[in-house]
Structures are given as structure tokens and as C-alpha cells.
2 protein chains.
Amino acid sequence: MLKTKRTVKRELILAEAAKLFKDRGYGGTSMRDLAGQVGMEAASMYNHIRSKDELLDSICFRISDTYISQLAQIQAQATSYSGKIRALVRLHIQLMVEDGAAVSVANHDWKYLPEPRLSEFKQARKSYERGFAALIEAGIAAGEFRPVNVSVALFTVLSAVRWVELWYRPGRGLTAEELETNIITVLLGGLERPG
Amino acid sequence: MLKTKRTVKRELILAEAAKLFKDRGYGGTSMRDLAGQVGMEAASMYNHIRSKDELLDSICFRISDTYISQLAQIQAQATSYSGKIRALVRLHIQLMVEDGAAVSVANHDWKYLPEPRLSEFKQARKSYERGFAALIEAGIAAGEFRPVNVSVALFTVLSAVRWVELWYRPGRGLTAEELETNIITVLLGGLERPG
């Protein structure tokens, strides 16, 4: 599908907005700052987006929609539970590496969403967490995973990948692929070598 | 050692300060708020502490001193590297459970420390991370750990326990001990059951 000029412009505005929100915070970013960053007059930027709220909404829901749709796809795959959790961990890392600013905004600035979108966003996150937890639970039941507390395992895995957001920059001597493999080794296989 | 009334008062002020900094942010907390919370006149509170900066300093360095001294103790223990990493993970979780507000301030508000204490704090953190990383590295060399990238393993483990700060409340149906055991199982043993 060819992207229209209009779509390209809108995506550019969203990408710059995510960077500014990440660096200066949602409250600390003005539409004037954004227009300056994009290299447009504020007035003509309003042909593409209606408000700062709309930008935040688009960024947060693009990320949560990605998680939700990828989860559905992974749930449907004919792979082991271990394969599914690996795919989810990989998804988190890839999103942070490829779309770091947007992920950061969805992780931190979602709380500025106005209602009813705030509740919808929290609902989407909860539903994602439930789906992720259900895969861990099924993996334990199938004997693939150790019999750990499901909530603890879920939050440990979700939290374990969060540092990538702050730390990873291309050229830190590690490819995204190596990063993924190493994190998955620790979380799925464990730091300890089996006796 | 018996604590003097003076020391007890100071500790009370520090504990309330940590809670306020955590809830309202360092910038959002005034000395007047704090005096109200402690139930003292602002003027008499200044008999115990000099400034908001001094409170932040005491909270941050109490936490970083705890990490540094515990690390030294763990390094000196005659246990396996696996035992040492378990002890460090346990330390992180225990500090969050027992002194959550102070840990949160040391994790987030350290950036408001004035120089030269800011640099000293960063130095202390770096030195702690280096010591932690050296234990992982030695464990790999000794064949106890899988041959993972040391920095990735370090940040994955440190990040993995951070959710406890946000999530754990006594009475969430899980004792601190169960929390520790489950997190250690995931990080050291891995989610997967060894084939």
C-alpha cells in the first residue's frame, strides 16, 4: 500500500511528538515546540492533527494495539508455550529498539490520556497482561515451565526487559538480535547452568 | 545501642520525607508539607535537619551505602557465585519491601542531588554495578552460569526486580519470602523446566 503524502506527514509529526514527550515530558512539550521540531508552521500542523491529546492518544494506542494484535497472533501459533513466551519477550525488545520513544510515552505518559480513553488504555493493558499470564499458566500446567507464582513470573519478565528502553542505543557493541538472545537466555533458561 | 530521642525524631522525619518525595515528587514537596506530616512546627523541625537537600542526601546515601556494604559482605562470603547473586537479588527485594519509599527516592530523585554529591552518588551506583557484574563474570568463568553477555545479564536482573517497588503491598496474598523465592527461581533457574 502506497502511503499518501498526507499519511507520511502525519507519521512524521507523531514520531517527533513521541521524541519530545519522551525528552521533555508530556506536560513540558508545547505544540509550538513540536511545530518547530517538525519544521512546519503551527497553523499548518493543525491540518494534520487536532490537538496534543490526539497525538498522545495515537501514540499510546498504536503501541497497545501492536501488543494486543501480536499477542493474538502468538496465541494462535502452533508452538510450545516456551516458544510463545520467547516470541512475546522478543516483541517487547524489538518494539523498544525500533520504536523506543513511542514505547516510552506509552509506558509513562498514558496517565495524561483524557477519559474515556484513559480507562480504555488501562483495560487494554490489563487484557494484555491477562493473556500473557494465561500463557505462563498454561505452560506450567503443561509441565513446560516451573511451578512459579504466575503474577510474579509475569511482572518479573515484563519488568526485566524495561531497562532496554533506557539503555539500548544502536552501536553499543550489541545487535538487537544479541540483546534478545541474551535476555531470553536469562529469563527462560536462567542464569545458572543446569547442574 | 540505644537510640536517643533525637535520633528517633530524625529517623521519623526522614521516613515521612521519603514517603512525601515518593508520592508528590521531590519538587512537589515543601518543608511545610513535611512539618505538617510529621506533626511538628516547621521551625522546630529545623533543629533536626538543615534543608530539603539534606533530607534527599540522607535518604539516597543511606540506600546506596546499604547496597555497597552488603555487596562487600556478600563478596567476602564463602559461597558459590550463584549463592552470591541470590543474596543480592534477595537484598534488592527486601530493601523494596522494608524501605520502599526510600528505595523509590534513591531510584528516581537522586538526580536532584546538588554537586558534588550527585557525582558521588553516580559513582557509588557505578561501583555497585561493577561489583555485581564482576560476580556474574566470575560465575561464568567458573562454569556456574551460562555464557551470557555480562552487561545484559546485569541489567536484566536489576530491572527484573524493579516492579516490586510499584506492586508489592503486604497482604497481596504473597509473603516477602515467597516473592523472593519466585523471582529467584525465574532469574537463576529460568522459567523453563530443564528438559
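The values are calculated or read from the model by the stated rules, or taken from the named source; none is laboratory data. Given the structure is predicted, the values throughout are model-derived calculations rather than measurements. Heads up, the Cβs are rebuilt from the backbone with ideal geometry, glycines too, and the neighbour counts pull from every protein chain shown. Areas reflect the complete protein model, heavy atoms only, side chains present, ligands, DNA and RNA absent. Shrake-Rupley method; radii C 1.70, N 1.55, O 1.52, S 1.80 Å.
Computed quantities for the displayed model
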| quantity | calculated |
| --- | --- |
| Given charges at beta-carbon only (K, R positive; D, E negative), |dipole| of chain B in Debye | 220 debye |
| Prolate/oblate/rounded label for the protein assembly as shown (Cα gyration tensor, a/c 1.5) | oblate |
| Shortest-first distances to equivalent copies, position residue B:80, nm, label 7 Å out along Cβ | 2.3 |
| Residues of segment A:106-126 with amide N under 15 Å of the 7 Å Cα→Cβ point at residue A:72 | A:124-125 |
| P(r) histogram, all alpha-carbon pairs of segment A:60-195 included - 10 Å bins from 0, percent | 11, 40, 35, 13, 1, 0 |
| Rounded tilt (10° steps) of B:117-141 against the dominant C-alpha axis of chain B | 20 degrees |
| Overall form of segment A:1-49 per C-alpha gyration tensor (a/c, 1.5; a/b vs b/c) | oblate |
| Accessible area buried between chains A and B, both sides summed, probe 1.4 Å, in Å² to nearest 100 | 3400 Å² |
| Count of Lys pairs (Cα-Cα under 21 Å; at least 8 positions apart or interchain) in segment A:51-189 | 5 |
| Inter-copy separations for residue B:116, label at 7 Å along Cα-Cβ, nm, ascending | 6.0 |
| Helix B:81-98 axis, angle to chain B major axis (alpha carbon atoms, nearest 10°) | 30 degrees |
| Using a 7 Å Cα-to-Cβ projection, residue A:37 label spacings across copies, nm, ascending | 3.2 |
| On Cα atoms only, tilt of B:52-76 relative to the major axis of chain B in degrees | 30 degrees |
| Inter-centroid distance (Cα atoms) of segment B:98-125 relative to segment A:51-110, Å | 31 Å |
